[in-house]
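Chemist: This is the structure I have questions about; it appears just below.
The values are calculated or read from the model by the stated rules, or taken from the named source; none is laboratory data. These numbers come from a predicted model, not from an experiment. Cβ coordinates were reconstructed from backbone atoms using ideal geometry, including for glycine residues, and neighbour counts include every protein chain displayed. Ligands, DNA and RNA are stripped out before the accessible areas are found, and what is left, the full protein with its side chains, is counted by its heavy atoms. Shrake-Rupley method; radii C 1.70, N 1.55, O 1.52, S 1.80 Å.
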Amino acid sequence: MEENNGMFNVQQTVGSVLCCKCGIPMAPNSANMCVKCLRSEVDITEGLQNHVIIMWCPECQKYLQPPRTWIKAQLESKELLAFCVKRLRLNKVKLMNFEFIWTEPHSRRIKVKLTVQKEVLNGVKLEQAYIVEYVQTDHMCESMVAADQKFPHQDVITIIPSQAI
């Protein structure tokens, strides 16, 4: 031990305990379980959505933000990422990180990898990643429906002159 200004400095060491399930040495925590065993016991993503349907207007390329708001967002933009995350109900978990997973643009699928955290068993915080798949379904927005109703025979008018030639 060293003496420093009349005080003793004691070196502190962290002991190790054995996991109560598999018996490997680990740093102590209040659950007395290693991360691998804790994950096998508790699934913090249980009950969270992993499949969401979103409405998309193919004419103006906007997304429906319920109940009646349409937002413009490009694929893999931060606006689309924020829109997707807001559509989820993340009850009792804390969102730590989120990012796109690349999909083919013509697949009409958007995948987002989320990392969530939740306090489990005696205050131990567990972090887990999971993927949410968003499926785009075609749905015309009100402005496109109104424009289509103003000129219902517009396609017929453009076809007739080409057939006359």
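Chemist: In terms of Cα to Cα distance under 26 Å, which lysines are near enough to Lys94, apart from those fewer than 8 places away along the same chain?
Modeler: Lys94 reaches Lys36, Lys78, Lys86, Lys111, Lys113, Lys118, Lys125.
Chemist: A further question on this structure: Rank these by accessible area, largest first, 1.4 Å probe: Trp70, Trp102.
Modeler: On the way: Trp70 45, Trp102 160 Å².
Largest accessible area first, the residues go Trp102, Trp70.
Chemist: So what's the angle, to the nearest 10 degrees on a 0 to 90 scale, between helix 154-164 and the longest Cα principal axis of the chain?
Modeler: 50 degrees
Chemist: Let me know the charge dipole size of region 63-133 about its Cα centre in debye, to the nearest 20, where only the beta-carbon of Lys, Arg (+1) and Asp, Glu (-1) is charged.
Modeler: On the way: 14 positive and 7 negative charges, 62 e Å.
It comes to approximately 300 debye.
Chemist: May I pose another question? Short version: ³J(HN,Hα) in whole Hz for each residue of region 105-119, in order, from phi by Karplus 6.51 cos²θ - 1.76 cosθ + 1.60 (θ = phi - 60°), x for Gly and Pro, what are they?
Modeler: With coefficients 6.51, -1.76 and 1.60, one gets x, 7, 6, 6, 10, 10, 10, 10, 9, 10, 10, 10, 10, 8, 7 Hz.
Chemist: Determine the principal axes of the Cα atoms in region 45-141, then give the extent along each, sorted from largest to smallest and rounded to whole angstroms.
Modeler: So the extents along the principal axes, rounded to whole Å, are 52, 28, 20.
Chemist: Need one word for the chain: rounded, prolate or oblate. Basis is the Cα gyration tensor (sqrt eigenvalues a ≥ b ≥ c); a/c below 1.5 gives rounded, then a/b vs b/c decides.
Modeler: Numbers: a/c = 4.27, a/b = 3.33, b/c = 1.28.
Cα axes put the chain in the prolate bin.
Chemist: Charges at C-beta only: +1 for Lys and Arg, -1 for Asp and Glu. How large is the resulting dipole of the chain about its Cα centre, in Debye rounded to 20?
Modeler: Working: 19 positive and 17 negative charges, 59 e Å.
My answer is approximately 280 debye.
Chemist: Next question, about the same structure. I need to check one value: relative contact order of the chain, counting alpha carbon pairs closer than 8 Å and at least 6 residues apart, in percent. Kindly include the intermediate steps, with their values, before the conclusion.
Modeler: Values: 215 pairs, mean separation 34.2, N = 165.
Computed value for the chain: 21 percent relative contact order.
Chemist: Let me ask another. Express in nm, to one decimal, how much length is gained between Val35 and Val124 on full extension, taking 0.36 nm for each residue of separation and deducting their alpha carbon distance.
Modeler: 31.1 nm
Chemist: Quote to one decimal, in nm, the extra length available between Arg108 and Ile131 on full extension: 0.36 nm per residue of separation minus the C-alpha distance between them. Provide the component values of the computation, followed by the final result.
Modeler: Numbers: separation 23, 0.36 × 23 = 8.28 nm, distance 1.60 nm.
Extra length available between Arg108 and Ile131 comes to 6.7 nm.
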